[in-house]
Amino acid sequence: MSDACAKCGTTNPTGRLGVCPFCAFETDEAPLLIGNGTLELQDQIGRGGMGAVYRARHLKLGRTVAVKFLPLDLAKQEEFRLRFEREARVLAMLNHPNIVAVHDFGQEDGQGYIVMEFVEGRPLSERLPVPEDEAVRIAVQVCDALEYAHGKGVIHRDIKPENILIDGAGRVKVTDFGIARIVKADAPHWTVTTPEVTLGTLHYMPPESQRGAPPDPRMDVYALGVVLYQMVKGRVPQGDFEPLAGPLDRVVRKAIAPEPSRRYPGASEFRRDLEAAATGAPGGGLPSEERIFVRAVAILQAVSTAVALWAFLASVTPKMISAGDVMPLISIGNETRPDGRIVSRARFETGWTLAALGTFAPAITAYGFLRRHWRRSGLERASPQRPLPESMRVFAIGVLALAVYSVRILLQRRGYGWAGYIVLLGGVIEVAALFYFWMSVLEGWRTSRPLHREPLLWLGCALALYPPVLELLAFLRSWQP
């Protein structure tokens, strides 16, 4: 029998059929059985660069499956046969609810095939565009699948809408790991691609992949970032593309950054910021490293404020000084005692004041750099209606400060001398209040949220300041020279 299909002329490795499997369904012959009669092929449900997919009935298991065939014109090429077999082995390694499961694989008269889970649904490419919330939900599930695959050492390398299936329940299934590559050092024999061969789909390939760089999880992150933008806008991002709404734009731009070092290192970090952007979590959807920068600036602001408050406290605290320590323009309205000592009710504490100015300079400089970074990165987005979650923390810390102070007073009145050590805890609480106050202020400035609309912020500050102010007033009232 001829080795060419009688209908289309395509090279036919299964010469016993007379026609290729792809033309067999157009005939009125009996159902086509493969796999020693265990699989009954039905209709074609998809076709791509790595083969055609058919619906089939697994006669022994009594269920519907999907069977993927190696393209006929590639079946005799050794590299493609190895790659096709590798796809089956890679998929067999992956057991995850968001990855298409592999049941079996084999050959039929020299033609390779894979028996896979049949997904009752449509590829994402047939549903574009989708609402933003649905796009994020789909992307999060793909992140789950990629995080699992990357943990197994598998890089997909061809994430695109055609390879993301959505079943009837809305669950995502990632398929076609045909060009995945094992990157674990203990499996070098699974690397069958050559360095000069570039695999993938152009619009979803990062620049380094097009240059032949070795597989890396950040390649899949890039591809998924492109898919996410395409889900929302209906087109892939090219050139100076239109921004997305809200914090999602910053997340996508980080995912598709041209330089791998500026992207998310893996799918888990990508998923975390996606979820934060979707739910309005603390930080307003800022990536984790951006929140670190904000915390660093808030710490500088808190330290500067603490030093300024200490300078004020040192200036208004009365003390006895010798006549030789009196300097003009620094201590005014002094009282001279009969023993020659000087009573200074208040004075300009030069050292502490200069220290406050010294800490203020780096704090305001860091804030200036942060604001410029926000503007250049598109992070300075007005959302004045969104409450500041940090305000609740300031309020909670204020309540804690007042409670600790009350406990200390109660214990001291009952004669517990060690209660004075609680002052140390109170100091830590006051510093924490300053930190979260500045976190709230910075976030308010970033999102144009008016601070007068945050009553919990100011109430928390009042509660936190009540103990030290009360103690200062009591000290000033009872102080005697």
Hits in the stretch 127-171 - residues which are over 12 Å from L228 (Cα atoms) and part of a loop (DSSP other than H, G, I, E, B): R127, K152, G153, H156, R157, D158, G168, A169, G170, R171
Selection count, the stretch 436-464, where residues are farther than 13 Å from A396 by Cα and among the hydrophobic types (A, V, I, L, M, F, W, C): 6
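Inside the stretch 312-342, can you point out the residues that are hydroxyl-bearing (S, T, Y) and not in a loop (DSSP other than H, G, I, E, B)?
S315, T336
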The stretch 452-469, residues that are out of contact with any Phe, Trp or Tyr (no Cβ under 8 Å at 6 or more places or on another chain) and among the hydrophobic types (A, V, I, L, M, F, W, C): W458, A462, A464, L465, V469
Test result for A149, farther than 24 Å from A66 by Cα and either within 21 Å of the chain's Cα centre (by Cα) or modelled with pLDDT of 90 or more (or both): no
Members of the stretch 255-279 that are β-branched (V, I, T) and not in a loop (DSSP other than H, G, I, E, B): T279
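Please go through the stretch 58-81 and give me each residue that is touching a residue at least 60 places away in the same chain (Cβ under 8 Å) and in a loop (DSSP other than H, G, I, E, B), ordered by number. Walk me through how you get there before you give the answer.
Of all residues in the stretch 58-81, those touching a residue at least 60 places away in the same chain (Cβ under 8 Å) come to 72-73, 75-76, 79.
Answer for the stretch 58-81, where residues must be touching a residue at least 60 places away in the same chain (Cβ under 8 Å) and in a loop (DSSP other than H, G, I, E, B): A75, K76.
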Any pair with Cβ under 7 angstrom, 6 or more apart, that starts in the stretch 309-331 at a residue that is without any contact (Cβ under 8 Å) to a residue 60 or more places away in the chain and ends at one that is hydroxyl-bearing (S, T, Y) and surrounded by 14 or more Cβ atoms within 10 Å (Cβ to Cβ): A311/T353; K319/S344; I321/S344; S331/S344
Filter result (under 22 Å from R47 (Cβ atoms), modelled with pLDDT of 85 or more, buried (at least 16 other Cβ atoms within 10 Å of the Cβ) and acidic (D, E)) within the stretch 108-142: E117
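Listed here are the residues, each with its yes/no results for (1) more than 14 Å from the chain's Cα centre (by Cα); (2) at pLDDT below 90; (3) not in a helix (DSSP H, G or I).
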site: L199; (1), (2), (3): yes, yes, yes
site: M219; (1), (2), (3): yes, no, no
site: V227; (1), (2), (3): yes, no, no
site: V232; (1), (2), (3): yes, no, no
site: V236; (1), (2), (3): yes, no, yes
site: G246; (1), (2), (3): yes, yes, yes
site: R253; (1), (2), (3): no, no, no
The stretch 81-99 - residue that is modelled with pLDDT of 90 or more and touching a strand residue (DSSP E or B) at 6+ places or on another chain (Cβ under 8 Å) and, of those, nearest to G170 (Cα to Cα): N98
Hits in the stretch 145-178 - residues which are over 26 Å from F80 (Cβ atoms), crowded, with 19+ Cβ neighbours inside 10 Å and of a type in the set (D, E, K, R): E147
Residue within the stretch 374-387 that is at pLDDT 80 or above and of a type in the set (D, E) present: no
Residues being surrounded by 14 or more Cβ atoms within 10 Å (Cβ to Cβ), more than 24 Å from R291 (Cβ to Cβ) and not polar (S, T, N, Q) - total across the stretch 349-368: 4
Complete set of residues in the stretch 388-427 that are in contact with a Gly (Cβ under 8 Å, 6 or more places away or on another chain), more than 18 Å from A302 (Cα to Cα) and at pLDDT 90 or above: V399, V404, Y405
Segments classed as strands (runs of 3 or more DSSP E), wholly inside the stretch 82-126, with at least 3 members that are among the hydrophobic types (A, V, I, L, M, F, W, C) and more than 31 Å from the chain's Cα centre (by Cα): 111-117
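The values are calculated or read from the model by the stated rules, or taken from the named source; none is laboratory data. Keep in mind that what you see is a predicted model, and the values were worked out from it rather than measured. Note that we place each Cβ from the backbone using ideal geometry, even for glycine, and neighbour counts take in every protein chain shown.
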